[in-house]
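Worksheet: the structure to be examined is printed underneath.
The values are calculated or read from the model by the stated rules, or taken from the named source; none is laboratory data. Fair warning: this is a prediction, and the values are worked out from it, not measured in the lab. Virtual Cβ from ideal backbone geometry, glycine too; neighbours counted across all protein chains shown.
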Amino acid sequence: MSEHLPDHLRLNKRMAELGLCSRREADDWIAQGWVQVNGQRAEMGMQVTPSDRITVSPAAKGQQKQLATILLNKPVGLVSGQAESGHPPAASLVQSHTRWRDDRSPQRFSPAIHRGLAPAGRLDIDSVGLLVLTQDGRIARQLIGEHSDIEKEYLVRVRMGALERDVQAAFAPAKLALLNHGLSLDGQALRPAQVSWQNPEQLRFILTEGKKRQIRRMCELVGLDVVGLKRVRIGQVRLGQLPVGQWRFLGPTERF
């Protein structure tokens, strides 16, 4: 069943819902004259219905192909977004000399890549691993939009009080079941997760949501402390062999 849509909504919102672009891109395309509704040039702020036919020019699609999406292996000590309390943003690592030498993407680096580059999701300052930075509103919506259900996979080293070795043996199976389903944060029940032991001191988490410091707070609720947290996968894209502090472009055939 298709999602119910109101009779009239703004053109930029409708274009975003159709996955054509972000709302900001839509406004830019409309201003450029690159959007038509039912064969007529679109106007900024106009209202459309779900039955209206929206088309975009090849120029818009060509511009969109130039948008960059970066995969970064974030180290500890950097924040995902804007600089905070003297801690630099992860995007500051996106430089020509930090590009992974094994990146096979044909895209070229230029300083202009930082224009409009924003994190699609976050990693805490003390967490490491795969962070996506993108200029493409479609990818941002896919990864962090209200209805996103893209899986994110993490390896999480834990301790229980003073116990740092063989935590698995001392950890009650009922508490592991709670990590999978049954916990709430901020007064809201969490979506079901997939949590299992990777080794006696490390858990594997697969989540489809991303509340602030979610994994650390989930662990606290069942008596665990997080010692280290690394994101290794988002959707179908894996961190792989990308070195810490280096980045690569999302490949032309890769999809989240």
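This table checks each residue for (1) in contact with a helix residue (DSSP H, G or I) (Cβ under 6 Å, 6 or more places away or on another chain); (2) under 17 Å from LEU131 (Cβ atoms); (3) modelled with pLDDT of 95 or more.
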{"position": "ASP149", "(1), (2), (3)": "no, no, no"}
{"position": "VAL167", "(1), (2), (3)": "no, no, yes"}
{"position": "LEU178", "(1), (2), (3)": "no, no, yes"}
{"position": "TRP197", "(1), (2), (3)": "yes, no, yes"}
{"position": "ARG233", "(1), (2), (3)": "no, yes, yes"}
- Task: Give me a count of the residues in the stretch 114-169 that are farther than 22 Å from ARG217 by Cα, in a helix (DSSP H, G or I) and in contact (Cβ under 8 Å) with a residue 24 or more places away in the chain.
- Result: 6
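Counting only residues that are closer than 16 Å to ARG204 by Cα and touching a residue at least 12 places away in the same chain (Cβ under 8 Å), which one in the stretch 170-190 is surrounded by the most Cβ atoms within 10 Å (Cβ to Cβ)?
Of all residues in the stretch 170-190, those closer than 16 Å to ARG204 by Cα come to 171, 173, 175-181.
This time we only want the ones that are touching a residue at least 12 places away in the same chain (Cβ under 8 Å), so: 171, 175-176, 178-181.
On the way: PHE171: 20, LYS175: 15, LEU176: 15, LEU178: 15, LEU179: 22, ASN180: 15, HIS181: 13.
Checking each candidate, the answer is LEU179.
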- Of (1) surrounded by 18 or more Cβ atoms within 10 Å (Cβ to Cβ); (2) among the aliphatic types (A, V, I, L, M); (3) at pLDDT 90 or above, ILE125 satisfies every one except (1)
- Message: Among the numbered criteria (1) at pLDDT 90 or above; (2) surrounded by fewer than 11 Cβ atoms within 10 Å (Cβ to Cβ), which one does ARG99 miss?
- Response: (2)
